[in-house]
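Scroll down for the structure; my scribbles are underneath it.
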Amino acid sequence: MAVITLTTDFGTRDTYVAEMKGVILSIVRDVHVVDITHEVTPHDVLEGALALEAAAPRFPSATIHVAVVDPGVGTSRRGLAVASRDQVFVGPDNGLFTAFLDDQGWRAFELRAAEFRGTEVSHTFHGRDIFAPAAAHLARGVEPARLGPPVTDPVRLRWPEARVSEGRVGGAVVHVDRFGNLVTSIHSDAIASLGSGVRVRVAGRSLPLVRTYGDLAGRDPGALVGSSKRLEIAVSAGSAARVLRAGLGTPVVVSRTSSAAERRARRRR
Amino acid sequence: MAVITLTTDFGTRDTYVAEMKGVILSIVRDVHVVDITHEVTPHDVLEGALALEAAAPRFPSATIHVAVVDPGVGTSRRGLAVASRDQVFVGPDNGLFTAFLDDQGWRAFELRAAEFRGTEVSHTFHGRDIFAPAAAHLARGVEPARLGPPVTDPVRLRWPEARVSEGRVGGAVVHVDRFGNLVTSIHSDAIASLGSGVRVRVAGRSLPLVRTYGDLAGRDPGALVGSSKRLEIAVSAGSAARVLRAGLGTPVVVSRTSSAAERRARRRR
Amino acid sequence: MAVITLTTDFGTRDTYVAEMKGVILSIVRDVHVVDITHEVTPHDVLEGALALEAAAPRFPSATIHVAVVDPGVGTSRRGLAVASRDQVFVGPDNGLFTAFLDDQGWRAFELRAAEFRGTEVSHTFHGRDIFAPAAAHLARGVEPARLGPPVTDPVRLRWPEARVSEGRVGGAVVHVDRFGNLVTSIHSDAIASLGSGVRVRVAGRSLPLVRTYGDLAGRDPGALVGSSKRLEIAVSAGSAARVLRAGLGTPVVVSRTSSAAERRARRRR
């Protein structure tokens, strides 16, 4: 049984996601169709790209990920299939797959072969008319290269990175989750490079780095390495976003705790 | 593998949808159960019927569509299985299936056979106790006619139509989607009958007919033929509903652009 | 095909639920993964436990239910697999499975066997790293007892019960559903014990006990036995929660209607 995932900004109130599933099941039946999320903020390509970055690695080899956050639908922007690592990504060429266009190697193809599109292609819903059929044919075993000509210059987004300088790592909040946890652009390996004994500054507060939510008392915020190995700011019994009045883009800095010796040295000057 | 879809006003916070899926999987295992939407406005039968009209045609032949928007549950209203085109529709007899009771031919049956119901039937949840079991048995290969006696007078809703008169088509907004697009009762063929060169009047504005969202600049509203072949009013980088302060029921008129000659003739009078 | 269900407080906007599904499908492919709900109020263990109580019995024998409402993740709280009746429940040991730890018999095991966990276990997401893998291995046919040592003292929640005294049953609202129906802690058998002729007092009103929503006129509230055999307060064309300004915890009392003889006797005193 093949696996196809869907990541969109369609929501679940309208029938758009179901229409994509109907198209997929009309082409291939022996498949799992799994929703990653349909609650990407409308037209927020980066948010969709970050969702894919977090979720795709958890899926088995050969999974086909369809992503549709597509403000350019019906214009001249290309449709792509990107084979990266051992999975395939299908959607508009607008940066959604940036995380998978890295130096681990990838191949991309423009979705041009008419035989792997829907019979009628609308100007407003390529998710249903181009991307879902392409994914379904891939799930049937069609090779990505048969979907169209190779693409060597797919669109890439400016990716939210952490800036590492001596003794500190600077980044920002890139996602606020349902619990109000503030997920940052700072990865655990950047923190590890600072050695032990760090503090995290955010929204005018200096927070300790803890191991898990339960290490925090009540509504005291703290920082921890979250499940996607990104630094998160959390509150155990509440929302860090609310307690700190922080959100997307809020700057976050991790720095080494000065040792007692360093503090004395500083005071002397 | 059979395909069963679900369309309800149950939302996804309560366990009602899951209870229906549990019942289905207790009767048939080799099946895809696909959500169309569970966010129909509570008790809004027309909204449910429009969702089915949009989504059902995208599903493969032999799909069984269960729809439960059912303010009359537990009263004397009938339960139905409607075989139309090459699919089957299961739910209360309250107009949900109006779009499929057309002159392409259909057969309807009242869900009366006890052997295809749950063992205990509540007065408040026929979705779980009558419709889900009927759908599961259909997915196992039971013929619709075995579910109960034929019905020749199923309930039909007054369907939102467009009024076509010389040189103009009048309709109304029938759905506002997640993006704020205003989906209307006007189908593309009615617009085509006007010939080329039309304008769309809505909420005191006169809008051009464009091909796709990307043809519109920023927050300028425009009209286009959407993915369900209905006329839509859209804003590229925002919500047409908000920009135009329009919503369900807002009147929309498509009319021919007067030619230069017509305009001159008018001025002379 | 095995069946695994998921009940969480993760919502569907973030990728957490999808990450669990990716892990499951990486271990076992011949499986239905069904969402019960992901909209449990964050950290509200009782709400999750009530959802499981309502939904689990509708699923087939051998279903594996994963529940993750887990404020204690990463602390010393145990992870459990509970075999009860003919199903298995997997999640944190915090009372989520209280309804299934009853005198019908159960066995519980602590999730300690490393071979049935993910390769890397985070401190913040055991749903993905411990519970999903355990469920997937169970779906492959692994015996619960192989997951770890037996547990005889799983955590139990104080369960919302009805107090039955002569001629009356007292309880409270335990859930407000999407329609605004007030689901109570009072089960139908407690009401039956009162005999026929009862009234329901809630929020300063005395309501009749009816059979189904359609027996109520417009916005008049009434009481009925809902689909989970709990007493519900409902309004036919609206929300009982709004009409009565009632919600979680609102007291509800069912009492026998005094007969005419009783009323006369009382007046005489």
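The values are calculated or read from the model by the stated rules, or taken from the named source; none is laboratory data. Since this is a predicted model, take the numbers as computed values, not measurements. Using ideal geometry, Cβ is built from the backbone for each residue, glycine included, and neighbour counts are taken over all protein chains shown. These area figures cover heavy atoms from the full protein model, side chains too; ligands, DNA and RNA do not enter into them. Shrake-Rupley method; radii C 1.70, N 1.55, O 1.52, S 1.80 Å.
Figures for the structure shown
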{"read-out": "Scope the range C:229-244; condition within 9 Å of another protein chain (Cβ to nearest Cβ) and surrounded by 23 or more Cβ atoms within 10 Å (Cβ to Cβ); matching residues", "value": "C:Glu232, C:Ala234"}
{"read-out": "Residue in the range A:50-57 that is surrounded by fewer than 23 Cβ atoms within 10 Å (Cβ to Cβ), away from chain B (no Cβ under 12 Å) and in a strand (DSSP E or B) present", "value": "no"}
{"read-out": "When residues of the range A:50-79 are limited to those that are closer than 9 Å to A:Thr7 by Cα and among the small types (Gly, Ala, Ser), the one farthest from the chain's Cα centre (by Cα)", "value": "A:Ala67"}
{"read-out": "Of all residues in the range C:225-245 being polar (S, T, N, Q) and free of Cβ contacts under 8 Å to residues at least 60 places away in the same chain, the one that is nearest to C:Glu53 (Cα to Cα)", "value": "C:Ser227"}
{"read-out": "Failed item in (1) facing another protein chain (nearest Cβ under 7 Å); (2) open to solvent by 10 Å² or more (accessible area, probe 1.4 Å); (3) part of a loop (DSSP other than H, G, I, E, B), with A:Asp14 passing the rest", "value": "(2)"}
{"read-out": "Residues being more than 10 Å from chain B (Cβ to nearest Cβ) and touching a residue at least 60 places away in the same chain (Cβ under 8 Å) - total across the range A:17-49", "value": "5"}
{"read-out": "Any hit, the range B:165-173, residues being in contact with a Ser or Thr (Cβ under 8 Å, 6 or more places away or on another chain), without any contact (Cβ under 8 Å) to a residue 60 or more places away in the chain and buried (at least 19 other Cβ atoms within 10 Å of the Cβ)", "value": "no"}
{"read-out": "Subset of the range B:174-196 that is of a type in the set (D, E, K, R) and open to solvent by 30 Å² or more (accessible area, probe 1.4 Å) - its residue that is farthest from B:Leu224 (Cα to Cα)", "value": "B:Arg178"}
{"read-out": "Residue check for B:Ser196: among the polar types (S, T, N, Q) and over 26 Å from the mean Cα position of the chain (by Cα)", "value": "yes"}
{"read-out": "Verdict on A:Ala62 being crowded, with 24+ Cβ neighbours inside 10 Å, of a type outside the set (Phe, Trp, Tyr) and either at pLDDT 95 or above or assigned to a helix (DSSP H, G or I) (or both)", "value": "no"}
{"read-out": "Given (1) of a type outside the set (D, E, K, R); (2) assigned to a helix (DSSP H, G or I); (3) more than 21 Å from C:Ala18 (Cα to Cα), number of the condition A:Gly141 does not satisfy", "value": "(2)"}
{"read-out": "Failed item, numbered, when A:Asp9 is tested on (1) touching a Leu at 6+ places or on another chain (Cβ under 9 Å); (2) among the charged types (D, E, K, R); (3) open to solvent by less than 30 Å² (accessible area, probe 1.4 Å)", "value": "(1)"}
{"read-out": "Of all residues in the range C:22-49 being in contact with a Leu (Cβ under 8 Å, 6 or more places away or on another chain) and either in a helix (DSSP H, G or I) or open to solvent by less than 20 Å² (accessible area, probe 1.4 Å) (or both), the one that is nearest to A:Arg219 (Cα to Cα)", "value": "C:Val45"}
{"read-out": "Some residue of the range C:127-145 being open to solvent by 60 Å² or more (accessible area, probe 1.4 Å) and free of Cβ contacts under 8 Å to residues at least 12 places away in the same chain", "value": "yes"}
{"read-out": "Where A:Gly91 falls short, out of the listed (1) free of Cβ contacts under 8 Å to residues at least 12 places away in the same chain; (2) more than 7 Å from every other protein chain (Cβ to nearest Cβ); (3) in contact with a strand residue (DSSP E or B) (Cβ under 7 Å, 6 or more places away or on another chain)", "value": "(1)"}
{"read-out": "Index of the failed condition, A:Ile130 passing every other in (1) under 17 Å from A:Ala108 (Cβ atoms); (2) away from chain B (no Cβ under 14 Å)", "value": "(2)"}
{"read-out": "Identity of the residue in the range C:181-208, away from every other protein chain (no Cβ under 11 Å) and assigned to a loop (DSSP other than H, G, I, E, B), that ends up nearest to B:Asp14 (Cα to Cα)", "value": "C:Ala203"}
{"read-out": "Test: residue in the range C:110-120 that is outside any loop (DSSP other than H, G, I, E, B) and among the hydrophobic types (A, V, I, L, M, F, W, C)", "value": "yes"}
{"read-out": "Per-region count, the range A:210-226, residues in a loop (DSSP other than H, G, I, E, B) and open to solvent by 10 Å² or more (accessible area, probe 1.4 Å)", "value": "7"}
{"read-out": "Options A:Ala54, A:Ala81; residue that is more than 17 Å from A:His126 (Cα to Cα) and either modelled with pLDDT of 95 or more or charged (D, E, K, R) (or both)", "value": "A:Ala54"}
{"read-out": "From B:Arg178, B:Arg219, B:Arg211, B:Arg168, residue being of a type in the set (D, E, K, R), more than 11 Å from every other protein chain (Cβ to nearest Cβ) and within 25 Å of the chain's Cα centre (by Cα)", "value": "B:Arg168"}
{"read-out": "Counted residues, the range C:148-170 - those being under 28 Å from C:Gly11 (Cα atoms) and aliphatic (A, V, I, L, M)", "value": "2"}
{"read-out": "Residue list for the range C:71-116, filter: out of contact with any helix residue (DSSP H, G or I) (no Cβ under 9 Å at 6 or more places or on another chain) and open to solvent by 20 Å² or more (accessible area, probe 1.4 Å)", "value": "C:Arg78, C:Asp86, C:Asp102, C:Asp103, C:Gln104, C:Gly105, C:Ala114"}
